[in-house]
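Asker: Supplied in structure tokens, the structure appears directly below.
The values are calculated or read from the model by the stated rules, or taken from the named source; none is laboratory data. These numbers come from a predicted model, not from an experiment. Here the Cβ positions follow ideal geometry from the backbone for every residue, glycine too, while neighbour counts run over all protein chains shown.
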């Protein structure tokens, strides 16, 4: 049962925090409680493991993109009834677009308690943060009037009309001071009881809070008469999404 849902907001998903992604097709997509009869996408979280194991990945890519990934888990007691796993990522770099910089990090921790082979209690939390600087909220209109700073001789603002169709892929119509910051906090608790190998009962509670803050200037178009559009440099704003909370019984 979904008590509150987030609509109209972008969410981040760092794939390293998940074991796999499943596509459940057909009416089975309705089994998630908020599914769709056509299909549902299921992000399967990484789970605690009994044997200690870990991984450390260092990555480097185009536009000076750097990323570190860490994953470690194992039993927390001798009887192996308490297991845990910790996953983290950190990355920063540029973009194919001029002047765009981005930085992100993610933390994920999960603990599982299983006193026997029939009962499993799992508690976990996920934190994700990303900030992108210098990027436009939208692309330039076909014909746009852009500001290119001040004339060093006269001190006047330099404005030019451009045809966006003639610009390279790296062209950036965003302001240097523009930023888009996103933060996601997700907590969950799950309990599963096996009556038999083929029959089980599971109850889970999930809470997600998503917040985005942005300040940006971008170009939009306003109609001034039939088949004619007026390019315009447009505004800035902030937004905070309400938390999503829901129970699932299956």
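Asker: Condition first: closer than 28 Å to residue 62 by Cβ, under 20 Å from the mean Cα position of the chain (by Cα) and in contact (Cβ under 8 Å) with a residue 24 or more places away in the chain. Can you find one or more residues in region 146-154 that meet it?
Answerer: No: zero hits.
Asker: Considering every residue within region 25-37, establish whether at least one is at pLDDT 75 or above, in a helix (DSSP H, G or I), touching a strand residue (DSSP E or B) at 6+ places or on another chain (Cβ under 8 Å) and not assigned by TED's automatic domain parsing to the domain that holds residue 173.
Answerer: no
Asker: Take the residues in region 79-98 that are under 20 Å from residue 120 (Cβ atoms) and not in a loop (DSSP other than H, G, I, E, B), then tell me which one is farthest from the chain's Cα centre (by Cα).
Answerer: Per the stated criteria, the residue is 82.
Asker: Tell me the residue from 55, 50 that is in contact with a strand residue (DSSP E or B) (Cβ under 9 Å, 6 or more places away or on another chain) and part of a strand (DSSP E or B), please.
Answerer: Answer to the check: 55.
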